[in-house]
Amino acid sequence: MKISGVIITFNEEENIGECIDSLKEVVDEIIVIDSFSTDATETICRNKNVKFIQNTFQGHIQQKNFALHQTSNNWVLSLDADERLSLELKKEILNCIDRNSEFVEAYLIKRFNNYCGKWIRHGVWYPDKKIRLWNKTRGKWDGRNPHDKVVMDKNSKIQPLNGTILHYTARTPEQYKLQMEKFSAIAAHSMLKERIRSNLLKAYIGGAFAFFRSYCLRLGFLDGRAGYEIAIGYGHYTLMKYKKMLTKN
């Protein structure tokens, strides 16, 4: 069974090379959909002989579904540019895909998140299970931007894998803060399109509970300072998305 590897990018010169190398052993083609990067992303991709296509970015879900339509194979393995396949996951994919392809339509894979050099084992980031390898005739990208997810047809057979996707989320606390600001603006826009309403009470209560959920209920405090910073960022993201909805009304 042949697999198409897909990645979407925008200014990912720091990540894209290792991401592509991670896929090469397990896929039959690699397609990069780029949102007109202004750094060296295109050069790196072309030097690695992948199929490089530029497409105007309309949203994470839209861009990833566009990527699906560019693939030659029914089976698709999707990574973000800041993700890599663990060695265990590579072996598992190579061993199981042919054996199980007749009765399994998708594989659920755990994502192991790295924050500023520390692997996170608690909080809202763990366990972070996602469908990333699936038969595109039975599922597509959906959800709410920027939180895209693969949604499979009803009664699709989904099997978990033991290997992990290694996700290098942020190299510095400053980078994480910028990500939360960016994602909160995208989320606010998406929620307004769905006619979801906001107010200041919802914003502050939502932000406080998001912090409490990650740091206390999901045991984020066990990850030390990193767990605290992630919980603060998660709370700030929730607060800001509701507040930005008010400013955009």
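Read-outs throughout are calculated quantities, based only on the coordinates presented, and are distinct from any laboratory measurement. Computed from a prediction, not measured in an experiment: that's the story for all the values here. Cβ coordinates were reconstructed from backbone atoms using ideal geometry, including for glycine residues, and neighbour counts include every protein chain displayed.
Extents of the stretch 46-97, largest first, come to 36, 26, 21 Å (Cα atoms, principal axes, whole angstrom).
Among DSSP beta bridges whose residues both lie in the stretch 3-170, state the antiparallel percentage, nearest 5. Of all bridge pairs located within the stretch 3-170, approximately 45 percent are antiparallel. I want to verify the translational diffusion coefficient of the stretch 1-124 in µm²/s; compute it with Stokes-Einstein, Rh as the Kirkwood radius over Cα pairs, at 10 °C and 1.306 mPa s. In µm²/s, the coefficient rounds to 103. In the chain, the calculated helix contribution to ellipticity at 222 nm averages -13000 deg cm²/dmol per residue, counting -39,500 (n - 2.57) for every DSSP H run with n ≥ 4.
Our note on the geometry: Cα centres of the stretch 180-249 and the stretch 143-175, 19 Å apart. Among Arg132, Arg111, a tally of other beta-carbon atoms within 10 Å of each Cβ gives an order, fewest to most, of Arg111, Arg132. What the Cβ-Cβ distance of Leu87 and Phe221 gives, at R0 = 35 Å and to the nearest 0.05, is a FRET efficiency of 0.70.
Helices of the chain meeting both criteria, an alpha-carbon length of 24 angstrom or more along the long axis and an average Kyte-Doolittle score not below -1.0, with helices taken as full DSSP H segments, are 173-193, 224-248. Convex hull volume per residue, computed on the Cα atoms of the chain, equals 132 Å³.
When GluC sites (Glu not before Pro) are flagged only if DSSP places them in a loop and at most 11 other Cβ atoms lie within 10 Å, the longest unflagged stretch of the chain comes out as 1-101.
Going from the fewest other Cβ atoms within 10 Å to the most, the residues Cys45, Cys216 appear in the order Cys216, Cys45. Potential lengthening of the chain between Ser35 and Asp21 amounts to 3.0 nm, from the contour at 0.36 nm per residue minus the alpha-carbon distance.
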